[in-house]
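See structure below.
The values are calculated or read from the model by the stated rules, or taken from the named source; none is laboratory data. This structure is a prediction, so every number in the text was calculated from the model and none was measured. Methodologically, a virtual Cβ is constructed for each residue, glycine included, from the backbone with ideal geometry; neighbour enumeration extends over all protein chains shown.
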Amino acid sequence: MKGFYLIDLSHNREQKKKLKVGITAAQIVMKYGGKKASDFDMDEIREFWKYEEPYPTLDYFIKYAKINVIKWFIKRHIKSSDEIWTADFIQGLATNTKVKVSDNHYTCLEWYGNENLVNLMKLCPFGGKVHHHRRRKTSNKIGRNRWSDVPALHMDYQEGSISYIAGVFAGGQLNQGGSLVKYKGNAVDYIKKLGIPIEKETRDNIIFISPLWPALFSKWMPVEVRSKWVDLEEAKGATNYAAILWKTYIGTNFISNQLPYLKSRRSIYYNYKCKEGAMRKLEMLRIEKGLTGLHNRIGEVVKILKKEKQ
């Protein structure tokens, strides 16, 4: 292909050394959080320098460990080994915030209120700083929160994966009674793309959905927050949605708790009995509740959960 060519670095010792500095610096900031080049220290360099050749001097390391270089290495060479805190999950969480991008800094997330997001960010195993500003008792203003210096936000990710959707749902906020989950920001548009029924929507683009939907994806959320989405006594529409999903993607042999909020076969046949039959009633509810256009990922998750419970 004309227009460009690749430089062979295999025999260029100086260029190879610079590459090693970039990879090492990327690992350091992933663990300890974003920092200026001048803030690196020799202990951190020794921790992550995994090469046979001696590690470079601090001055040399600082000279070539620039933020734009480190972000490049993170995107192309760093992958999360954590089963929950993947790049996809983190980016899904970010849809519930305002994303601030800068060439000279690491990406930062900002949001108002939502204590759930604050608690989630504190669980992240990667480096970053959570700035939590609570509402003052003497003020009606909602506190602005930030998650800054988070190099993990620069990892390459796949939008639309199960982990990504779990992140979107995990960032929601339960209302006081636990009957609905509140979402705003870019998460709203994404949830609508999934075909999820919206129980309530405000003029300022805030939506409320049933807790059933985040509960479905709770397996792909941190252990510390999974239980908050399930077994809510007032979860709006949850038992209806669970029964409809099971019939749509699995069949009519309902088994209690195979899905969050799914009742036993006996209960379902009793609760939905009508002249046309319980299964016909569920099909009518599927249409009535707007579940005919659900994204394929929903059915995929239902089948995964069913298989794991066998």
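Region 35-145 holds helices (runs of 4 or more DSSP H) entirely within its bounds, and those carrying 2 or more residues that are in the same structural domain as Y164 (by TED's automatic domain parsing) and under 17 Å from G171 (Cα atoms) map to 87-94, 115-123.
Scanning region 277-289 turns up at least one residue that is buried (at least 19 other Cβ atoms within 10 Å of the Cβ) and either in the same structural domain as I207 (by TED's automatic domain parsing) or touching a residue at least 40 places away in the same chain (Cβ under 8 Å) (or both). Applying the criterion of being within 26 Å of the chain's Cα centre (by Cα) and polar (S, T, N, Q) to the residues of region 46-99, the residue that is farthest from F217 (Cα to Cα) is N68. When you scan region 262-277, do you find a residue that is at pLDDT 90 or above and in contact with a Lys or Arg (Cβ under 9 Å, 6 or more places away or on another chain), even just one? Checked against the condition, which is being at pLDDT 90 or above and in contact with a Lys or Arg (Cβ under 9 Å, 6 or more places away or on another chain), region 262-277 yields no hits at all. Within region 205-219, restricting attention to residues that are touching a residue at least 24 places away in the same chain (Cβ under 8 Å) and in a loop (DSSP other than H, G, I, E, B), the residue that is surrounded by the fewest Cβ atoms within 10 Å (Cβ to Cβ) is I206. Taken over region 279-310, residues that are touching a Phe, Trp or Tyr at 6+ places or on another chain (Cβ under 9 Å) and either part of a loop (DSSP other than H, G, I, E, B) or farther than 24 Å from E199 by Cα (or both) amount to 4. Against the conditions (1) free of Cβ contacts under 8 Å to residues at least 40 places away in the same chain; (2) surrounded by fewer than 18 Cβ atoms within 10 Å (Cβ to Cβ), Y272 satisfies every one except (2). Kindly establish whether A187 is of a type in the set (G, A, S), part of a loop (DSSP other than H, G, I, E, B) and either free of Cβ contacts under 8 Å to residues at least 24 places away in the same chain or touching a helix residue (DSSP H, G or I) at 6+ places or on another chain (Cβ under 9 Å) (or both). So A187 does not fit the description; no.
Whether a residue is within 20 Å of I196 (Cα to Cα) and not in a loop (DSSP other than H, G, I, E, B) was assessed, and K247 passes this test.
Can you name the residue in region 100-126 that is β-branched (V, I, T) and touching a residue at least 24 places away in the same chain (Cβ under 8 Å) and is also farthest from I206 (Cα to Cα) among such residues? Only one residue fits best here, namely T107. Just checking, does region 247-257 include any residue being at pLDDT below 90, buried (at least 20 other Cβ atoms within 10 Å of the Cβ) and not assigned by TED's automatic domain parsing to the domain that holds K200? Scanning region 247-257, I find at least one residue that is at pLDDT below 90, buried (at least 20 other Cβ atoms within 10 Å of the Cβ) and not assigned by TED's automatic domain parsing to the domain that holds K200, so the answer is yes.
In the condition set (1) crowded, with 23+ Cβ neighbours inside 10 Å; (2) without any contact (Cβ under 8 Å) to a residue 60 or more places away in the chain; (3) of a type outside the set (K, R); (4) outside any helix (DSSP H, G or I), I196 is compliant with all but (2). Within region 225-243, being closer than 25 Å to K306 by Cβ and either of a type outside the set (A, V, I, L, M, F, W, C) or without any contact (Cβ under 8 Å) to a residue 12 or more places away in the chain (or both) holds for R226, S227, K228, D231, E233, K236, G237, T239, N240, Y241. Close contacts from region 1-30, counting a first residue that is at pLDDT below 90 and a second that is surrounded by fewer than 10 Cβ atoms within 10 Å (Cβ to Cβ), with Cβ to Cβ under 8 Å and a gap of 6+ residues or different chains, come to Q15/I7; K16/S10.
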